[in-house]
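Data block below; observations after.
FYI, it's all coordinate maths here, none of it is from the lab. Predicted model, so just to flag it, every value in this text is computed and none were measured. Quick reminder, even Gly has a Cβ in these numbers, built from the backbone with ideal geometry, and neighbours come from all protein chains shown.
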Amino acid sequence: MKFDVTLLSHDLNEMAQMAQTAETLGFDGLWTAETQHDPFFPLLLSAEHTSNLQIGTGIAVAFPRTPAILAQMAWDLAKFSNGRFMLGLGTQVKAHNRLRLGAPWDKPLKQMRETILATRAFWDCWQNGTPLDFLGEYFKLQLMTPFFNPGPIEHPHIPIYIAAVNKGMLRLAGELCEGVHIHALHSVKYLQEFALPHIEAGLQKNGRSRADISLNTAVFAIPTDDPDYETFAENHVKQQISFYLSTPAYRVLAELHGWEDTAVQLSQLAREGKWAQMPNLINDNILDVMAVRGTWAELPGIIHDKYGQLLDRVSYYLPFIPTENQQGWRASIEGFASLRVASGE
């Protein structure tokens, strides 16, 4: 199990130090989320100031960007990072696409499928000289001249991860992708009884096996070494769980665990803008299912025992600040490294 750092937010002025610190501490990878800022720009700085750290978008919203734009940004980052870049894509939800991003929203599953295939068509064209000829419901791509062709690169195989919560996207990930971003709003029951069976169905459709795909997620972690930080982390986790449970698109988890009434109440509070009240609905039972609690050094073993072979990469759903909690982060990094050695990875 690899241990990554996921940046929930980032400042370009701090990215060089952040990436260098992440690599020095020993993280396996660094993911950038598309929240307040673009997720691609910080990875350029991360690639420039590191040499071994894997880097990826976790996630970039797909539909506001055409396959040509996605292909070109990924191609340049793969070349500049010497093959360390991973392209993570997600759909976001209908309201954000239409009302915040001004992007089309029609049949998201089919749109994502075509986005993946069309992006790869560009890469095949640039690397192998294959004529660009992609015809789909959403994209007609048949023009590539030498002036716009960046040409082949040394590391042309760029892993594509997609964010998946529900049946269709999980199956698509299994069918077409090298990785899947499992939402932080997950549980062992969700992984075992819902996510993995659908991923497996997608894998079988394309003659692939579980070894052909990497499952990545951010885990709601509550380090207990320092009481003040433990309180901060627990409040942070409750806030995030309440926000995600309020989103109808993520309702499958609530249904699996019988939390529908809580999810409906959270949705109502969100509509009323009562964000501060929402964490109060996250009781101890929900927290025990959704989060892990222990010292920084204990957390890797707790996560390993909880998830076993269900996941391949994890990060903590906590803010990473290079000048804070370095001893704690290092303890967790060393813990995951020791577990890999013990299991012969």
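Take the residue pairs 110/167; 110/205; 238/274; 238/306; 79/107 and return only those whose Cα atoms are more than 24 Å apart.
On the way: 110/167 13 Å; 110/205 16 Å; 238/274 15 Å; 238/306 20 Å; 79/107 33 Å.
From the list (110/167; 110/205; 238/274; 238/306; 79/107), the Cα-Cα distance tops 24 Å for 79/107.
The convex hull drawn around the Cα atoms of region 186-345, when projected onto a plane and averaged over every direction, covers 10.8 nm².
The angle between the Cα long axis of helix 326-343 and the longest principal axis of the Cα atoms of the chain comes to about 70 degrees, rounded to the nearest 10.
Mean-square fluctuations from a GNM of the chain, with a 10 angstrom spring cutoff on Cα atoms, peak among 207, 56, 88 at 207.
Between helix 108-128 and the chain there is an angle of about 50 degrees, using the helix long axis and the longest principal axis of the Cα atoms. Centre-to-centre separation between the Cα atoms of region 278-307 and those of region 1-51: 25 Å. If you look at the Cα atoms of the chain, you get an Rg and a Dmax of 20.1, 61 Å.
Mind running the shape call on region 226-293? Use the C-alpha gyration tensor, a ≥ b ≥ c as the square roots of the eigenvalues: rounded below 1.5 for a/c, prolate if a/b tops b/c, oblate otherwise. Kindly include the intermediate steps, with their values, before the conclusion.
Values: a/c = 2.50, a/b = 1.40, b/c = 1.78.
Oblate shape, in that a/c is at least 1.5 and b/c is the bigger or equal ratio.
Inter-label distance, residue 133 to residue 305: 5.8 nm, where each label sits 7 Å from its Cα along the C-beta direction.
For the pair region 130-172 and region 250-274, the centres of their Cα atoms are 36 angstrom apart.
With each run of n ≥ 4 DSSP H residues scored as -39500 (n - 2.57), what mean residue ellipticity at 222 nm is computed for the chain after dividing by its residue count and rounding to the nearest 500 deg cm²/dmol? Each step should come with its number before you reach the end.
Numbers: 12 runs with 146 residues, N = 345.
Helices in the chain give a 222 nm mean residue ellipticity of -13000 deg cm²/dmol.
Based on C-alpha pairs under 8 angstrom that are at least 6 apart in sequence, region 226-293 has a relative contact order of 36 percent. Test of understanding: in a Gaussian network model of the chain with alpha carbons linked when under 10 Å, which of 51, 242, 315 would top the mean-square fluctuation ranking? Judging by the Gaussian network model, the answer is 51. Among 306, 274, 110, the largest mean-square fluctuation in a Gaussian network model of the chain, built with springs joining Cα atoms closer than 10 Å, belongs to 274.
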